[in-house]
1. Yes or no: the range 26-43 includes at least one residue that is among the basic types (K, R), within 19 Å of G82 (Cα to Cα) and in contact (Cβ under 8 Å) with a residue 12 or more places away in the chain.
2. Can you tell me which residues in the range 55-109 are surrounded by 14 or more Cβ atoms within 10 Å (Cβ to Cβ), among the small types (G, A, S) and farther than 13 Å from V9 by Cα?
3. Restricting to the range 1-26, and then to whatever is part of a loop (DSSP other than H, G, I, E, B) and surrounded by 12 or more Cβ atoms within 10 Å (Cβ to Cβ), can you tell me which residue is modelled with the highest pLDDT?
4. Please specify each residue of the range 51-102 satisfying the condition of being closer than 17 Å to R18 by Cβ, of a type in the set (A, V, I, L, M, F, W, C) and part of a loop (DSSP other than H, G, I, E, B).
5. If you check V62 against the conditions, is it touching a helix residue (DSSP H, G or I) at 6+ places or on another chain (Cβ under 9 Å), aliphatic (A, V, I, L, M) and touching a residue at least 12 places away in the same chain (Cβ under 8 Å)?
6. Give the range 27-40 a look and list any residue that's in a helix (DSSP H, G or I) and surrounded by fewer than 14 Cβ atoms within 10 Å (Cβ to Cβ), or say none.
7. Of a type outside the set (S, T, N, Q), under 25 Å from S6 (Cβ atoms) and in contact with a Gly (Cβ under 7 Å, 6 or more places away or on another chain): does that describe A79?
Amino acid sequence: METDASLAVLAALAHSTRLDAFRLLVRHEPDGLSTGQLVEASGLTQSTFSTHLAVLVKAGLVLPEKRGRQQIQRANIDALKGLMLFLAKDCCQGRAELCEPLVAELTCC
């Protein structure tokens, strides 16, 4: 992931409603959730939540998928992985021992 794409993803996640929605979708992978379920979980109106959802989709964090009459939203795990790698890749500067605690925490749970 390049710097501009990373900034777009970080900006999209820099709002509590969008961050909560994305984290909820990650927990519901690979099935995703309907837009209605996300709206209900957010406690917002449909129109207000749709604005937030559009930001997540534009940033590539959420992948909308039509299933029958429902619009299902799924977390783009590849985008999450790309962001995490972008943030962590240069932190070690060739010294793997600096990132080992992070990797251990991610793999333990």
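1. Applying the first criterion (among the basic types (K, R)) to the range 26-43 yields 27.
Filter again for within 19 Å of G82 (Cα to Cα), leaving 27.
If we keep only those that are in contact (Cβ under 8 Å) with a residue 12 or more places away in the chain as well, we get none.
Within the range 26-43, not a single residue is among the basic types (K, R), within 19 Å of G82 (Cα to Cα) and in contact (Cβ under 8 Å) with a residue 12 or more places away in the chain.
2. A88
3. Here is the first cut: in the range 1-26, the ones part of a loop (DSSP other than H, G, I, E, B) are 1-2, 14-15.
In the following step, the residues that additionally are surrounded by 12 or more Cβ atoms within 10 Å (Cβ to Cβ) were identified as 1, 15.
Values: M1: 83, H15: 98.
Among those that are part of a loop (DSSP other than H, G, I, E, B) and surrounded by 12 or more Cβ atoms within 10 Å (Cβ to Cβ), it is H15.
4. Correct list: A59, L61.
5. Details: touching a helix residue (DSSP H, G or I) at 6+ places or on another chain (Cβ under 9 Å): yes; aliphatic (A, V, I, L, M): yes; touching a residue at least 12 places away in the same chain (Cβ under 8 Å): yes.
It is true that V62 is touching a helix residue (DSSP H, G or I) at 6+ places or on another chain (Cβ under 9 Å), aliphatic (A, V, I, L, M) and touching a residue at least 12 places away in the same chain (Cβ under 8 Å).
6. R27, G36, E40
7. Details: of a type outside the set (S, T, N, Q): yes; under 25 Å from S6 (Cβ atoms): yes; in contact with a Gly (Cβ under 7 Å, 6 or more places away or on another chain): yes.
Criteria met by A79.
The values are calculated or read from the model by the stated rules, or taken from the named source; none is laboratory data. On a predicted model such as this, the values are computed, not experimentally measured, just so you know. Cβ coordinates were reconstructed from backbone atoms using ideal geometry, including for glycine residues, and neighbour counts include every protein chain displayed.
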